[in-house]
Amino acid sequence: MNTQPNMPQFEDIQIYREEYIRELDQTNDKTAFAINNASSLYALGLTMYSRNYSLDSLIYNAFAMSSLDDNIALHPEQRKILGLIQENRGLIFSAPTSFGKTFVVFEYICRTRPQNVVMIVPTLALIDEYKQKIIRQYREQFSDYNIYLSVDPEKVYDFSQKNIFIVTHDRVIDENTVSIFESIDFLVIDEVYKLQKDASNERVLILNVAYYNMVKRSKKYVLLAPFISGVKHLEKLDDVPAFYATNYSPVVNDVKTCEILDEEDRIPYADQILQSIPVQDNTLIYFPTVVQIDSFIQETTTSYPALEEDNNPVLNEFVAWGRREIHPEWSIIKALEKGFLVHHGQLPLGIRMLELSLFNNSNSRFTRLICTSTLLEGVNTTAKNIIITKPNRSYDKTFDAFDFYNLVGRTGRLYQHYLGYAYYIKAPSDPVFEKEQALKSIEFELTDASIDMDINFGDYASHPEFVELLAKLGITYDEYKTQIARKHRFSTVQFLLGNYFQNKSELIDVLYRQTVDPNQSKISLVRILCKILGMGPYDFKLKTFIINRLTYKYRQTVREVVDATKQSYPATNISKIINTVIRYKSSYIEFDFYSKVDLIRYFMECDKVSISLIHTLHERLLKNIEMLYYLNSPSKKLLKDMGIYEGDIDQIIRVIGSDFSSVSDLETLLARNYYKLSEISVVSRYIIARLINSN
């Protein structure tokens, strides 16, 4: 029996789907509409709406029931993807945000039960989203799997058991780490469009190397992407994956353009739009930068006094904690007082998770979430609307149509918001975006003849500038590949090496003075290193002062660093200081500053600099970062990656110990000792309660 709907042979069937979805959204009696139009809905593949209202749909749904969730029948395109995964060793699968790509992946795992699964995602926020699906939403279905959120090369894993590793790309680029996986039964790489070549982005290099290393160890792999039209030059890969794209979407996204004449009008018009949207409709307000978010919070005339009315003890405690730990002038507190939530990449993960859960909670009074492009990273929300205040990723990087419609696609949600609206505040200089242009073909850097790919995969001899750099360092190609190639682009190494030699005498002098007098402040060391790193003169002393405070031997709260900075630089805006401290503490020092300073340390080794001076660099600075940011402690790093506030991690480890690596082991220890953790922050208690109450 054929259990697939007979699809009409339209030029673009999605146009007809959208017509029915719009009618469904506008009708008062949606059940009656679905019953009366069940045959058409079924024929269009909208089986989630035709349900059991026609005989064909009834029979189809009986055959299409999910193994993952017995309340769901897979729609025809999802079933097609399952078949393609089964048929191909490798598959690149592209579809709109609302398709349910992640659901299909988990459905495949639930049906086929692969032994060892690795899921690679670009951000910690997506790790949390995957983790929550496994340990909360589908806990019973994955109860026989060990869940890991990191890979420790020092640990021996039992691959005879069922395991799921959910990690970011940077955790699987080192050969020692990758070699742990002799064989991967099923590999998933999400948001794969981030592999597209971008010579200015170091992270793209890491993503491509991770892709190469993991795919060759995988029996089967799937790459997920938002709606792209194709990937160029796949034939250059050692193993060519199949490619499938669909425009199937069970929800509709409409764009409403609001034209303005002046840049200064963006916030007032955002206010006007907000006031026209019913308060119960979840709405995102997008800004390119955190500074613009702070300006909006300061200037908006719109207010939703949800904090006091809701009388939410957790939120009230969070506000008190934020004033004490961060600062009374912190914009997040001011936003909450006006009824707005905030989500951007500079915030600690646990705070983002807390705010996003409030937004997605139908019982919460908070229905307005201010965000940056972190919402482009695949994080799911329950938004009906989005206000795009400016079509930029940053101050000077304008959206292309792909970025714009990826953001537009964050609106609408199956069974909740059939029709999502994007309000585009457009100045005369802003581009007009056509949906047809959003479909673009990308090219992975892996298939491009870039110097970094040649260096990583052995074809380096054709690049004399690289051979010359090896001679300057006095090392072999294999040493370079092991120590540098997977972490830094050649252009970065070349730039930093030139700066190192140019400033070497000053660096040596500073290190010598630090060696003979270890009690003096290390600020001079931080400043010469930042000079070598290429930090510009704008706010140089302010920035290096903050870096110095954040790399003290003993941990300081954000409030302590902010207050000290304000005292030394009283003319600087307090919001600017707070944002800089949080940004540096949350990401810059660990992921950028440390890796580049460690590269300078390696230059010194190659340059035969005195061992005592190299030791001083490590003891005065690098060792502090390793300790404060848990770089060499897998158990503490796991807690941080789960969203636990870093100021609480040492206390938690003292209570529960460090003998855990899987999420289930950690969950057991936290549940057993939760009553002993009353002194930790409200953020960490929320994260822990979310984990141990997941059943």
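The values are calculated or read from the model by the stated rules, or taken from the named source; none is laboratory data. All values derive from a computational prediction rather than experimental measurement. All Cβ positions, even for glycine, are placed from backbone atoms using ideal geometry, and neighbour counts span all protein chains on display.
For the range 563-610, a residue qualifies if it is under 31 Å from the mean Cα position of the chain (by Cα), farther than 27 Å from GLU329 by Cβ and among the charged types (D, E, K, R), and the qualifying residues are LYS596, ASP598, ARG601. Within the set PHE181, PHE186, PHE165, PHE159, the sole residue that is closer than 19 Å to LEU149 by Cβ and surrounded by fewer than 17 Cβ atoms within 10 Å (Cβ to Cβ) turns out to be PHE159. Here is the figure for the range 26-65: residues that are among the small types (Gly, Ala, Ser), free of Cβ contacts under 8 Å to residues at least 60 places away in the same chain and crowded, with 18+ Cβ neighbours inside 10 Å total 6.
Just to confirm my filter: which helices (runs of 4 or more DSSP H) fall fully inside the range 476-588 and include at least 2 residues that are in contact (Cβ under 8 Å) with a residue 12 or more places away in the chain and hydroxyl-bearing (Ser, Thr, Tyr)?
Details: elements: 477-480, 490-516, 523-533, 540-550, 558-568, 574-583.
Because the criterion is at least 2 residues that are in contact (Cβ under 8 Å) with a residue 12 or more places away in the chain and hydroxyl-bearing (Ser, Thr, Tyr), the helices (runs of 4 or more DSSP H) in the range 476-588 that meet it are 477-480, 490-516, 558-568, 574-583.
Taking the stated definitions as given, is ASP448 more than 30 Å from LEU349 (Cβ to Cβ), acidic (Asp, Glu) and touching a His at 6+ places or on another chain (Cβ under 8 Å)?
Working: more than 30 Å from LEU349 (Cβ to Cβ): yes; acidic (Asp, Glu): yes; touching a His at 6+ places or on another chain (Cβ under 8 Å): yes.
Criteria met by ASP448.
Of the residues making up the range 539-567, those that are surrounded by fewer than 18 Cβ atoms within 10 Å (Cβ to Cβ), of a type outside the set (A, V, I, L, M, F, W, C) and farther than 13 Å from TYR629 by Cα are ASP539, LYS541, THR557, GLU560, ASP563, LYS566, GLN567. Quick check on ASN6: is it at pLDDT 90 or above and on the phi < 0 side of the Ramachandran plot? So ASN6 fails the test. Of all the residues in the range 639-668, those that are surrounded by 14 or more Cβ atoms within 10 Å (Cβ to Cβ), within 19 Å of ASN163 (Cβ to Cβ) and free of Cβ contacts under 8 Å to residues at least 40 places away in the same chain number 4. Taken over the range 73-87, the criterion of being farther than 15 Å from ALA245 by Cα and either buried (at least 17 other Cβ atoms within 10 Å of the Cβ) or charged (D, E, K, R) (or both) is satisfied by ALA73, LEU74, HIS75, GLU87. Taken together, TYR244, TYR212, TYR221 contain a single residue that is of a type in the set (Phe, Trp, Tyr) and farther than 26 Å from SER98 by Cα, which is TYR212.
Looking only at residues of the range 44-57 that are of a type outside the set (Lys, Arg) and within 37 Å of the chain's Cα centre (by Cα), we find that the one that is farthest from ASN71 (Cα to Cα) is LEU44.
Counting the residues of the range 429-457 that are closer than 30 Å to PHE490 by Cα, of a type outside the set (D, E, K, R) and without any contact (Cβ under 8 Å) to a residue 24 or more places away in the chain gives 1. Show the residue pairs meeting these rules: Cβ distance below 7 Å; 6+ apart or different chains; first residue within the range 604-626 and at negative phi; second residue in a loop (DSSP other than H, G, I, E, B) and not charged (D, E, K, R). Hits for this filter: CYS606/GLY474; CYS606/ILE475; LEU621/THR551; ASN624/THR551; ASN624/TYR552; ILE625/THR551; ILE625/LEU631; GLU626/ASN632.
On the given criteria, is GLN514 surrounded by fewer than 17 Cβ atoms within 10 Å (Cβ to Cβ) and more than 34 Å from the chain's Cα centre (by Cα)? Against the criterion (surrounded by fewer than 17 Cβ atoms within 10 Å (Cβ to Cβ) and more than 34 Å from the chain's Cα centre (by Cα)), GLN514 does not qualify. Scanning the range 281-295 for any residue that is under 30 Å from VAL682 (Cα atoms), among the hydrophobic types (A, V, I, L, M, F, W, C), assigned to a helix (DSSP H, G or I) and without any contact (Cβ under 8 Å) to a residue 24 or more places away in the chain turns up nothing. Looking at the range 379-422, which of the residues that are among the hydroxyl-bearing types (Ser, Thr, Tyr) and crowded, with 21+ Cβ neighbours inside 10 Å is farthest from the chain's Cα centre (by Cα)? Among residues in the range 379-422 that are among the hydroxyl-bearing types (Ser, Thr, Tyr) and crowded, with 21+ Cβ neighbours inside 10 Å, the one farthest from the chain's Cα centre (by Cα) is TYR418.
For GLN556, the stated conditions hold: it is within 27 Å of ASP648 (Cα to Cα), in contact with a helix residue (DSSP H, G or I) (Cβ under 8 Å, 6 or more places away or on another chain) and of a type outside the set (A, V, I, L, M, F, W, C). Might you check whether a residue that is surrounded by fewer than 17 Cβ atoms within 10 Å (Cβ to Cβ), more than 27 Å from the chain's Cα centre (by Cα) and without any contact (Cβ under 8 Å) to a residue 40 or more places away in the chain occurs anywhere in the range 257-264? Taking every residue of the range 257-264 in turn, at least one turns out to be surrounded by fewer than 17 Cβ atoms within 10 Å (Cβ to Cβ), more than 27 Å from the chain's Cα centre (by Cα) and without any contact (Cβ under 8 Å) to a residue 40 or more places away in the chain. Taking the criterion of being in a loop (DSSP other than H, G, I, E, B) and closer than 19 Å to CYS530 by Cβ, the only residue of the range 610-639 that qualifies is TYR629. Residues in the range 367-377 that are buried (at least 22 other Cβ atoms within 10 Å of the Cβ) and of a type outside the set (Lys, Arg): THR367, LEU369, ILE370, CYS371, LEU375.
Take the range 274-289 and flag every residue that is among the β-branched types (Val, Ile, Thr) and crowded, with 21+ Cβ neighbours inside 10 Å. Correct list: THR283, ILE285.
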